[in-house]
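Step one of this worksheet: look at the structure below.
The values are calculated or read from the model by the stated rules, or taken from the named source; none is laboratory data. What you are looking at is a predicted structure, and each value in this text was computed from that prediction instead of being measured. Note: ideal-geometry Cβ built from the backbone for every residue, glycine included; neighbour counts use all protein chains shown.
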Amino acid sequence: MLKGAAAALVLVATSGHVWPGEARVAQAGAAPVVRLYDDNPSHLWNRLHAALFVRVADGREYGTDRVDPLLWIGSKHLLQGASHERAVQLIHEFLDNHGETRVRDPLKRAMLQRDLWTVFDWLQGTHGNFAQPRLSEEAVRRGVEDLSAAIGAAIGRLALSPGQIDALPDNYAAAARAGLVPADLFSPRGPWVSVGRDDGPVAVNHVGDLGVGRNSVFLVFIKLPGGRDATLRYVQRLHAYSGPFRTASGYPSPDIPQFPAGTEVALVRRALLIDSDGRIVATRIVEQVQHRLYREIPPWSPQELDLGAGRGQEVDDVMLSRAALFAGHAGGLVSMDAAGPLFLTFSDQGLDAFEMKASDPSFEGGRRRTLGMNASEARKLCATCHVAPGVYSFNSYLPFRLLSPEARPSRLSEISMADAVRFAVQHKPQRAEWRALQTLMRR
Ligand code: HEC
């Protein structure tokens, strides 16, 4: 993957582009400039995307080509004020003028639907933890309702037929050819073993209320240095383990089967879409690939579990850029080293990085003063959630923030990718935001 990161930098240097999320200098008083869907920034789709994705601060534009919008549970942005008004106006312009007919390319239609769906799910999610002055419940409700109704209708209009969805490009294969992601990750007999649960989606936190992937499918892979058979044996041992999960003092038990140094884990996120029959459909479009290699695995000790901070792990994150995807570059995937300022929106307690003020009680010191992290800061952030040695930071197995007393490990076993996808697709209709969308889409 590191080889891939270097390749991405070369790509950026030779093509003259910096793909996603670059913090472009904003023109005072002017709307952000987006050229993702058309060369002309005043194209309706570009203006709509700008209204939903771009955040402006300190004279710079952020988030333009970020996989997820820069929205948190605590964001007032889009719920009120000028940003809300602008978003409502543009989405109505889209509906009134049959904006869905302005672009024919199925890949672009797929991306706009997926992006609108992401914003929709955020609208329908929890809101709170605002910076001062707080938004009243009534203001939140109004903001959510106005925007949800129009976005829901637009999502329905952008739907592709099942055949068109099936024909969307395999962007992972293109990224693998460019050396950005492992070519053998999806090989059914290859060294990587897909693991999952038999009672629901594997990445419970990523698809849950604080997750950013409520309209994505996640796949988890593990690869031991001894090859596929060694990996399968390890997964079976972990599944069969029935000893204690924690010690008397509350630490995860040293008896949990550990994997050896050299083990790698990967998390793949793929887009879901809604087809013209109103059904949720899994696509092959990979939105993100996260990867961790355990170079060394320090021995179990309470100190290491508390303070390990990801010691011995090498981490990497490769994410989708619309600009690169539409231009056909490396399947649209870009290494975190080339991705411009990085932000954490996943599981981030909801604080809006753009609205927080140093005087807010929940302001977390310097971290929020700089807008956006560079890749090395973002790598350190991975370790804050993947803290402990080996299996103790394999979060799909051991519950996140592993010291909670009621937490139980997930019973992981080998699972075909097809089954993992099926479980994830079946899970979505159980969520409240999907029921809300179904009603609004038909309007
Ligand atoms: C806010 C906490 C958090 C941060 C930050 C975080 N992760 Fe994770 N990660 C998780 C959780 C939780 C899971 C388990 C899946 C689930 O429950 O959704 C996970 C799963 C994974 C997996 C699948 C294997 C496993 O451990 O389950 C990989 C690979 C991964 N993350 C890599 C990364 C990388 C690389 C970064 C940094 C760019 C990162 N993560 C940052 C919480 C986090």
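For the stretch 301-320, which positions are more than 9 Å from the ligand (Cβ to nearest atom) and within 21 Å of VAL207 (Cα to Cα)?
Hits for the stretch 301-320 are VAL318, MET319, LEU320.
Which numbered condition trips up ILE280, out of (1) within 14 Å of the ligand (Cβ to nearest atom); (2) under 21 Å from the mean Cα position of the chain (by Cα)?
(1)
So which helices (runs of 4 or more DSSP H) are wholly in the stretch 157-246 and hold at least 2 residues that are polar (S, T, N, Q) and touching a residue at least 40 places away in the same chain (Cβ under 8 Å)?
Details: elements: 162-166, 171-177, 204-207, 228-240.
So the answer is 228-240.
Residue check: is THR283 buried (at least 20 other Cβ atoms within 10 Å of the Cβ), of a type in the set (Ser, Thr, Tyr) and closer than 30 Å to THR118 by Cβ? It would help to see each step written out before you state the result.
Details: buried (at least 20 other Cβ atoms within 10 Å of the Cβ): yes; of a type in the set (Ser, Thr, Tyr): yes; closer than 30 Å to THR118 by Cβ: yes.
Criteria met by THR283.
Looking at the stretch 311-322, which of the residues that are in contact with a Phe, Trp or Tyr (Cβ under 9 Å, 6 or more places away or on another chain) and surrounded by fewer than 22 Cβ atoms within 10 Å (Cβ to Cβ) is nearest to VAL286 (Cα to Cα)? First the steps, then the outcome.
The initial filter retains those residues of the stretch 311-322 that are in contact with a Phe, Trp or Tyr (Cβ under 9 Å, 6 or more places away or on another chain), namely 312-314, 321-322.
Cutting the leftovers down to surrounded by fewer than 22 Cβ atoms within 10 Å (Cβ to Cβ) gives us 312, 314.
Details: GLY312: 28, GLU314: 22 Å.
The selected residue is GLU314.
Among the listed residues GLY226, GLY200, GLY213, identify the single one that is assigned by TED's automatic domain parsing to the domain that holds SER410, modelled with pLDDT under 95 and surrounded by fewer than 21 Cβ atoms within 10 Å (Cβ to Cβ). If you could, list the steps in order and put the result at the bottom.
On the way: GLY226 fails: modelled with pLDDT under 95; GLY213 fails: surrounded by fewer than 21 Cβ atoms within 10 Å (Cβ to Cβ).
Going through GLY226, GLY200, GLY213 in turn, the sole match is GLY200.
If LEU272 satisfies every condition in (1) under 30 Å from GLN164 (Cβ atoms); (2) within 14 Å of the ligand (Cβ to nearest atom); (3) in contact with a strand residue (DSSP E or B) (Cβ under 7 Å, 6 or more places away or on another chain) but one, which is the exception?
Tallying (1) under 30 Å from GLN164 (Cβ atoms); (2) within 14 Å of the ligand (Cβ to nearest atom); (3) in contact with a strand residue (DSSP E or B) (Cβ under 7 Å, 6 or more places away or on another chain), LEU272 fails exactly one: (2).
Please find, within the stretch 167-211, the residue that is nearest to ILE415 (Cα to Cα) out of those that are within 10 Å of the ligand (Cβ to nearest atom) and not small (Gly, Ala, Ser).
Our first condition is that a residue be within 10 Å of the ligand (Cβ to nearest atom); within the stretch 167-211, this holds for 195, 201-208, 210-211.
Within this subset, residues satisfying the condition of being not small (Gly, Ala, Ser) are 195, 201-202, 204-207, 210.
Details: VAL195: 5, PRO201: 11, VAL202: 10, VAL204: 16, ASN205: 19, HIS206: 19, VAL207: 18, LEU210: 25 Å.
If we take residues in the stretch 167-211 being within 10 Å of the ligand (Cβ to nearest atom) and not small (Gly, Ala, Ser), then VAL195 is nearest to ILE415 (Cα to Cα).
Across the stretch 31-45, what is the number of residues that are modelled with pLDDT under 95 and of a type in the set (S, T, N, Q)?
The number of residues fulfilling the criteria is 0.
Here's the yes/no breakdown for (1) crowded, with 21+ Cβ neighbours inside 10 Å; (2) in contact (Cβ under 8 Å) with a residue 24 or more places away in the chain; (3) in the same structural domain as ALA26 (by TED's automatic domain parsing); (4) within 21 Å of the chain's Cα centre (by Cα):
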site: HIS49; (1), (2), (3), (4): yes, yes, yes, yes
site: VAL54; (1), (2), (3), (4): yes, no, yes, yes
site: ASP65; (1), (2), (3), (4): yes, yes, yes, yes
site: ILE91; (1), (2), (3), (4): yes, yes, yes, no
site: GLY125; (1), (2), (3), (4): no, yes, yes, yes
site: ARG142; (1), (2), (3), (4): no, no, yes, no
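Looking only at the stretch 375-413, filter to residues that are modelled with pLDDT of 85 or more and among the charged types (D, E, K, R); which one of those is farthest from the ligand (Cβ to nearest atom)?
ARG411
Does VAL265 meet the test of being under 16 Å from the mean Cα position of the chain (by Cα), buried (at least 22 other Cβ atoms within 10 Å of the Cβ) and closer than 24 Å to ALA420 by Cβ? Before you say what the answer is, go through the steps one by one.
On the way: under 16 Å from the mean Cα position of the chain (by Cα): no; buried (at least 22 other Cβ atoms within 10 Å of the Cβ): yes; closer than 24 Å to ALA420 by Cβ: yes.
It is false that VAL265 is under 16 Å from the mean Cα position of the chain (by Cα), buried (at least 22 other Cβ atoms within 10 Å of the Cβ) and closer than 24 Å to ALA420 by Cβ.
Examine the stretch 245-259 for a residue that is within 16 Å of the ligand (Cβ to nearest atom), in contact with a strand residue (DSSP E or B) (Cβ under 9 Å, 6 or more places away or on another chain) and modelled with pLDDT of 95 or more, and state whether such a residue exists.
yes
Of a type in the set (A, V, I, L, M) and within 14 Å of the ligand (Cβ to nearest atom): is that true of LEU351 in this structure?
Details: of a type in the set (A, V, I, L, M): yes; within 14 Å of the ligand (Cβ to nearest atom): yes.
When the stated conditions are applied, LEU351 passes them.
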